[in-house]
Amino acid sequence: MSVECASARVIVVGNEKGGSGKSTVAMNIAIALLKSRQTVATIDLDYRQQSFTHYIENRRAWAKRIARDLETPDHFCFGSVAYPTAEDEAAGCRTLTDTIATLARTHAAPHLALLRVTLEEAGEAERMFSVLMGEDVERRRQFIEEHALEVKNLDV
C-alpha cells in the first residue's frame, strides 16, 4: 500500500490498545504543526471514545474562556461505523472519501489518496499493525532493518 501526496503528508496515530496516548500524541503533533505555520486537518475515527474530538472541543472552549486565539486544527469526527447493510457501509465510505477529497482541496493536497482495507487485506493489515505497534521490539527492529531502504516520503 502507498499514498501519493504532492504537498501534503498524512500522519496516522494508531494503536489497538486503549489508553496508550494516541489522542495526546495526535494533539501535540497537530498543534506543533500549526505553530510551525502548517495547515492542519484532523479526523477522529474513534466513534466510541472520541477522545481526540474532546481534546479539540476543550481547547476551543478554553480559548474562548480566556479570550485567546489558540491554534486549533480543522477537525472532523465520524460516527459509528457498525453498518447494518452493505449500502450503509458504502454510504459511510463515500462520506469519508468526500471528506478527504474536501481536505485535499482545502489543505493543498491535490494528490491525496484514501486507501481502504478490504476484508481480503485485513489479515495482512492486522499482521503489519502487530509488527509495527506490538510489544515485540526485536520483531519490529528486524522489520525496520529489512525495509528501511524501501521507505519513501518519511516524516520524522
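The values are calculated or read from the model by the stated rules, or taken from the named source; none is laboratory data. Note that the coordinates shown come from a computational prediction; the quantities given were computed from them, not determined experimentally. A quick note on method: Cβ atoms are made from the backbone with ideal geometry, for glycine too, and the neighbour counts reach across all protein chains shown.
Every residue in the range 9-42 that is more than 24 Å from Glu135 (Cα to Cα) and among the hydroxyl-bearing types (Ser, Thr, Tyr), please.
Once the filter is applied, which keeps residues that are more than 24 Å from Glu135 (Cα to Cα) and among the hydroxyl-bearing types (Ser, Thr, Tyr), the range 9-42 yields Ser36, Thr39, Thr42.
Answer with yes or no whether Ala109 is at pLDDT below 75, surrounded by 16 or more Cβ atoms within 10 Å (Cβ to Cβ) and aliphatic (A, V, I, L, M).
Against the criterion (at pLDDT below 75, surrounded by 16 or more Cβ atoms within 10 Å (Cβ to Cβ) and aliphatic (A, V, I, L, M)), Ala109 qualifies.
Which one is modelled with the lowest pLDDT, of the residues in the range 71-91 that are within 17 Å of the chain's Cα centre (by Cα) and surrounded by 12 or more Cβ atoms within 10 Å (Cβ to Cβ)?
Val81
Of all residues in the range 19-48, which are of a type in the set (Lys, Arg) and in a helix (DSSP H, G or I)?
Correct list: Lys22, Lys35.
Is the range 121-138 home to any residue that is modelled with pLDDT of 70 or more, surrounded by fewer than 12 Cβ atoms within 10 Å (Cβ to Cβ) and not in a helix (DSSP H, G or I)?
Yes, the range 121-138 contains at least one residue that is modelled with pLDDT of 70 or more, surrounded by fewer than 12 Cβ atoms within 10 Å (Cβ to Cβ) and not in a helix (DSSP H, G or I).
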